[in-house]
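Everything below concerns the one structure shown next.
Here, each number is a calculation from the coordinates, and none is a lab measurement. It should be emphasised that the depicted structure is a prediction, and the values quoted were computed from it without experimental measurement. Counting neighbours? That spans all protein chains shown, and the Cβs are built from the backbone with ideal geometry, glycine included.
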Amino acid sequence: MASSSSSSSTSASPVEEPEDSFGALPEPILLLILSFLPTLHAVRTSILSTRWRTLWTSIGVLDLDEGADFIFFGTETRPTGAKRKRKRKGSFAEFVGKVLSFHHTPTLRKLRLHCCSQNCPLQDWVRTAVSRGVQTLDLRLPSHPNRNSSGQLPSLLFTSQSLVDLRLDLGGSALILPGTVALVALRRMRLCFVKFCDDHLTRALFSNSTALKRLVLLNCDYQMLGRLEISCSSLQELAIESLLKADGLGSCEVKIAAPHLTSFVYRASVAQAYVVERFLSVEYVKIQFQRFEAWEVLGQHSILKRASSFFCSLSSARNLDICPVCVKALRFRRTNDWLYPIPFRNLNVLRTAVKDLDYSAIRVVLWLFVLNPHLRALIVEVGDLSVLPSSAGKEDFFKFLGACFKHRCGVVEKVEIRCGGSNFRSREAVRYTTETVLELVKVLLGSQPRLKKLILSNKLFCDSYSSNIRDVVMEKVLSFPKRTRELAVAFIY
């Protein structure tokens with residue numbers, strides 16, 4: 001009986017609910033977790049319990065993306081779809097308005113706002129964010145059918161004392177700047193699909209950002225500018241990149257004054273002129289000239305003259321990445337008596353692309369190689385091997401090759417020759433490529449005592465009708481006399 005009553009009392013006792021260990025976390029930890037969620041999902045946590053009901057209103061990060069979180073609003077295909085689409089697209093603006101009204105954090109660390117609708121109270125939203133001391137603003141506007149339209153941004157944004165990181169994507173609309181720009185705390189700026197309209201105000205945007213460290217201009221339109229001037233003494237990283245067929249740089253002068261620049265990327269069409277102060281502290285330079293604008297109209301001589309004038313300020317670079325147009329410009333610069341050769345003498349890494357294995361192009365690469373006794377890595381990417389280059393100058397090239405390395409005992413540790421072009425190649429082209437590459441490798445192995453890695457693309461020795469001759473090439477490479485004790489040879493695809 002005792003045992004029976006004991007078991008009865010045990011079964012009657014209430015079952016303890018498992019402890020909510022996640023909800024027991026301190027509020028700062030929960031706010032940190034919510035800050036990594038899109039705001040739409042953070043708001044949904046308000047239904048979990050009384051404690052969670054208003055927790056999201058205290059997070060310091062708001063992530064509002066109409067395309068990612070509300071894209072399903074425009075997928076209705078039923079007859080009433082048009083009405084629902086209009087209603088649901090308007091609900092995004094309503095949702096953002098309610099979020100900003102309920103959100104009561106005094107300081108807003110980050111606001112990411114990506115809109116897909118044309119009619120949104122964007123100015124009110126940005127004013128609210130600036131008034132709350134927003135530090136990071138990531139703003140994306142939809143593409144406007146009228147390319148002459150302007151991005152409606154309040155002037156208060158450009159005098160913010162708290163903004164540290166600004167990312168603007170105006171979808172091709174014009175950036176209308178106020179008469180006064182003073183972003184004294186801004187350290188990072190990224191402008192994408194922005195149309196610049198005024199030389200003076202554009203210059204003020206950069207020069208009055210006195211703490212700016214990093215500037216990225218991506219796919220911007222400069223057709224209404226006569227001069228793109230970037231003058232900022234604090235700037236350390238600068239990237240001008242454009243894949244637009246008509247970015248306007250061909251008729252625009254580019255002027256850059258950034259004495260403390262350490263990283264510079266230019267991937268756009270050749271500008272009308274360059275006025276660039278010498279970058280004494282630059283470490284990394286990448287130049288990729290795009291051939292979109294009036295290459296044939298202006299003529300190759302004019303284009304190469306413009307490009308070659310750009311290199312004078314880059315001579316202090318340690319890591320250099322250049323395109324085939326740059327190689328032609330360097331050759332153009334060297335073969336003209338009225339131009340002085342470029343004194344690249346501080347390179348540690350040289351990465352260059354050539355259109356094909358033309359003897360004149362390789363001579364330029366080797367010329368840079370000889371000028372830099374501290375070069376440790378050489379990477380050459382061949383763009384097109386489907387066309388057999390002219391054999392003119394072959395004998396002179398091999399003489400030049402031997403003379404280059406006769407008294408050259410460098411510190412090169414890695415040499416890589418890649419192929420990024422077409423797979424269709426003739427046997428004559430393969431024979432030419434194999435002979436040229438093997439002669440170059442032979443001279444390198446005989447002159448570089450610290451060479452440790454030799455990487456060759458498998459496409460260099462493969463035609464369109466038969467298998468590659470990698471094994472044969474490997475045997476020849478290993479049979480060459482070499483000064484290095486440890487050498488790893490690899491073939492990549």
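One table, with the values for the structure above:
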read-out	value
Two-site FRET efficiency, residue 32 against residue 431, from Cβ-Cβ distance with R₀ of 41 Å, rounded to 0.05	0.05
FRET E, pair residue 47, residue 105, Förster distance 25 Å, beta-carbon r, rounded to 0.05	0.75
Where the Cα pairs of segment 136-251 fall when distances are cut into 10 Å bins, in %	14, 50, 32, 3
Cross-link table 255/459; 355/476; 305/442; 355/442, entries beyond 30 Å C-alpha to C-alpha	255/459; 305/442
Most to least packed among 474-480, 427-433, 312-318 [average Cβ atoms within 10 Å]	312-318, 427-433, 474-480
Added length on full extension, which subtracts the Cα-Cα distance from 0.36 nm per residue, residue 370 to residue 161	70.2 nm
